[in-house]
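To start, the structure under review is shown below, and the notes come after it.
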Amino acid sequence: MVSDDGGSKNSLLKKILGFGYWVQGLRCFPWMAVNFYLKDGLHLDPSSLQILMNSANLPMVGKPLYGVISDAVYINGQHRIPYIAIGVLLQALSWLAIALLPPSTMSIPVISLFLLLSNLGASVVEVANDALVAESGKVPTTSKKSETSSSSGQLQSFVWMCVSVGGVLGNLLGGMVIKRYSPQFMFLSFGILLVFQFFVTVAVREKSLNLPKSSSSSGIRKQLSELSMALRRPEIAYSIAWFAASFAVVPILTGTMFFYQTQHLKLDSSVLGISKVFGQMGMLVWGSVYNAKLKSVSPRKLMSMVQATTAVLMLSDVLFVNGTYLKMGIPNSVYVVIFSGLLEILLLFKALPFTVLIAQLCPRGCEGSLMAFVMSSIALAMIVSGYLGVALASYTGVTGEDFSGLPKAIVIQAGCTVLPLFFSSWIHSDTRSPQLQKQKNKKKN
């Protein structure tokens, strides 16, 4: 009976996490509409669009604070589910406001405020969900290495695939819906889904999720102290530093490429949607392959391989922009769907082995704080990357009408992508937890 009850609780946890991460992946649906709304409705140029979109991610930088609060401050005896509900509610309010307010009231400052509010809610939800994954993915320190690796990677792979499925559906629907309906319709549809998620979440009690026993609220000061001690561990600090830097030093050109594909090449929105679907399918396949074959491979080797592959594919974009593939008989739409879709998402392939690594290294009790710090570091790195992309476009003379400098910008981008490979030794290569390593060292002595 006990095992059956535990199994049903684990099943409920997977359902809650699966639905939450699926909705998280589906966020690309309204955000695709935001791109077209800013370009066609508010008439932003590529640099302004990219600056606004990256600045909207600023709430993501506050994730360590949200993580510390969720670890330390309990609401009605719970410290994960209530924060998921609050975050979902903030997102629902922001998207419904953008959808229902009169268009005449929608200026750049107003929509920026609502996008910030949406990302604030998304940040809180992601922190709580990531903490649930880290907590439930913990294994006893007496487990064998193979058991540890399997337990730590299985749930991460599951939620990774849920995000990917949500991304596939969101991009596929987004590419089709944006042709037939207004962006406001897409905002309204996603807002209604979030309202449904809110009511599903508040109906769940945290004690029914079979989470590891933890002490009651330990106080924010103590939680900050534990986070600080965790970050002083070299295997954690250096791994996070490399991972964040591997994003920050690469100038992204998303705004420029969006204008190049829609304004210069006149590609249909459905092509862009299918392109993103192809990228999400790649993530889904990667999650399945990792779960089946690659969990025992060193995280350092996997992440370095992804970084190098990304740099090579970036150089392929130079041939695309120069028209080489078109001369070879490959239509622009085919290249965008296959290669651009995969390239846009490829750098994120590093996230799966990295989150498994950090979940193993994370000390018990500060899962929310540490995972939030990791995600905050990535968010800040992506913002820096976006601003560097704007600077790179300006340096190479790329505008909404002139793309002659785009090949040069892509070559510089590829060169920057290679840089993190020179200090990949910062990535911790042993996926065993520190406690297991200490036990092994004691046996040797």
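The values are calculated or read from the model by the stated rules, or taken from the named source; none is laboratory data. Quantities reported herein were computed from a predicted structural model and do not represent experimental measurements. Heads up, the Cβs are rebuilt from the backbone with ideal geometry, glycines too, and the neighbour counts pull from every protein chain shown. Side chains are part of the model used for accessible areas, which takes the heavy atoms of the whole protein and leaves out ligands, DNA and RNA. Shrake-Rupley method; radii C 1.70, N 1.55, O 1.52, S 1.80 Å.
The table below lists the values:
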{"quantity": "Surface per residue (accessible, 1.4 Å probe) for the chain, Å²", "calculated": "43"}
{"quantity": "Accessible surface of L173 - all protein chains present, 1.4 Å probe, nearest 10 Å²", "calculated": "70"}
{"quantity": "Portion, in percent, of the accessible area of the chain that falls on carbon or sulfur, probe 1.4 Å", "calculated": "66"}
{"quantity": "Simple Cβ-charge dipole of the chain, Lys/Arg +1 and Asp/Glu -1, about Cα centre, in debye nearest 20", "calculated": "1660"}
{"quantity": "Estimated distance in nm for a label pair at V110 and F196, the labels positioned 7 Å out from Cα along Cα-to-Cβ", "calculated": "2.9"}
{"quantity": "V285 - accessible surface, heavy atoms, 1.4 Å probe, Å² rounded to 10", "calculated": "90"}
{"quantity": "Highest-fluctuation residue, Y238, Y37, Y181 considered, GNM on the chain with Cα pairs under 10 Å", "calculated": "Y181"}
{"quantity": "By average C-beta atoms within 10 angstrom, highest first, the peptides 302-312, 335-345", "calculated": "335-345, 302-312"}
{"quantity": "Y395-L313 pseudo-label distance in nm [points 7 Å out on the Cα-to-Cβ vector]", "calculated": "2.4"}
{"quantity": "L100-S182 pseudo-label distance in nm [points 7 Å out on the Cα-to-Cβ vector]", "calculated": "1.5"}
{"quantity": "For the chain, built as a Gaussian network whose Cα springs stay under 10 Å, the top-fluctuating residue of G191, G25, G400", "calculated": "G400"}
{"quantity": "Inter-centroid distance (Cα atoms) of segment 244-266 relative to segment 389-414, Å", "calculated": "9"}
{"quantity": "Members of K179/K408; K179/K327; K266/K327; K15/K293; K63/K207; K15/K301 lying beyond 22 Å, as alpha-carbon distances in this model show", "calculated": "K179/K408; K179/K327; K15/K293; K63/K207; K15/K301"}
